[in-house]
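Participant: Before anything else, here's the structure in question.
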Amino acid sequence: MRGVNDTTGVGLVEVYDLNPGTASPSILRNISSRSVVLTGDNVMIGGFIVSGTKRVIVRAIGPEPTRYGVRNVLTDPTLELHNVAGALIASNDNWQTTVIGGIIAKDQVMDIQNSGHAPTQSSESAIIAELPPGRYTAIVQGKNIIVGVALVEVYDLDQ
């Protein structure tokens, strides 16, 4: 998404299955978004809906895009996962260190490595979650109030 005449602001991109329940239903395997992550009300928010119980990996990627020429990256992104009620159900800062709590009951480092979607930088964040049907929100912010460009990504691991 880009503003007319390169203007900036908050925008929303949505993807909908217009033929749910058909003989060959659409399956979204991954969704991601890149944005400037600021502070306060201007953190990055990625929403997604799970229609059946799904195992997903949610990632907050900051330094990795420098390999592709992206400048001013978020050097140390943190990640929170919230349910439809807004309750924090999982969080992570540095994917190689699991934050136990909420829906995370065991160390996830090996599972993240085996998923095929492990972040390339240790300062990036990731959460693997078995989610029941519902709406979820991933929030990416910079550790210690740093700002920069980041990605928020969700991958379906039940492929």
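The values are calculated or read from the model by the stated rules, or taken from the named source; none is laboratory data. This one's a predicted model, so the numbers in the text were calculated from it and none came from an experiment. Here the Cβ positions follow ideal geometry from the backbone for every residue, glycine too, while neighbour counts run over all protein chains shown. These accessible areas exclude ligands, DNA and RNA; they are computed on the full protein's heavy atoms, side chains included. Shrake-Rupley method; radii C 1.70, N 1.55, O 1.52, S 1.80 Å.
Participant: Need one number: nm distance between label points at N114 and I31, each 7 Å from Cα along Cα→Cβ, rounded to one decimal.
Facilitator: Placing both labels 7 Å along Cα→Cβ, they lie 2.8 nm apart.
Participant: For a quick check: with amide H placed at 1.01 Å from N, whose amide H comes under 5 Å from Q108's, ignoring anything fewer than 5 positions away on the same chain?
Facilitator: Amide H to amide H, under 5 Å and 5 or more residues apart or across chains, Q108 pairs with T98.
Participant: With a 1.4 Å probe and all protein chains left in place, how much of the accessible area of region 69-131 comes from carbon and sulfur atoms, in whole percent? Don't jump to the answer; show the numbers that get you there.
Facilitator: Details: 1510 of 3030 Å².
Roughly 50 percent, rounded to a whole number.
Participant: How big is the dipole moment of the chain about its Cα centre under a simple scheme where the beta carbon of each Lys and Arg is +1, that of each Asp and Glu is -1, and everything else is neutral? Debye, nearest 20, please. Spell out each step's value before the answer.
Facilitator: Numbers: 11 positive and 15 negative charges, 34 e Å.
About 160 debye.
Participant: With θ set to phi - 60° and the Karplus curve 6.51 cos²θ - 1.76 cosθ + 1.60, what are the ³J(HN,Hα) couplings of region 42-51 in order, to the nearest whole Hz, using x for Gly and Pro?
Facilitator: Running phi through 6.51 cos²θ - 1.76 cosθ + 1.60 with θ = phi - 60° gives 10, 6, 8, 10, x, x, 8, 10, 10, 8 Hz.
Participant: In the chain, if the dipole is taken from +1 on Lys/Arg beta carbons and -1 on Asp/Glu beta carbons about the Cα centre, which of T66, N30, I89 is farthest to the positive end?
Facilitator: After comparing all options, I get T66.
Participant: Once you order the gyration tensor axes a ≥ b ≥ c over the Cα atoms, which shape class does the chain get: rounded for a/c under 1.5, otherwise prolate or oblate by comparing a/b with b/c?
Facilitator: On the way: a/c = 1.58, a/b = 1.11, b/c = 1.43.
Cα axes put the chain in the oblate bin.
Participant: Per residue, how many Å² of accessible area does the chain show with a 1.4 Å probe?
Facilitator: On the way: 9570 Å² over 159 residues.
Dividing the accessible area of the chain by its residue count gives 60 Å².
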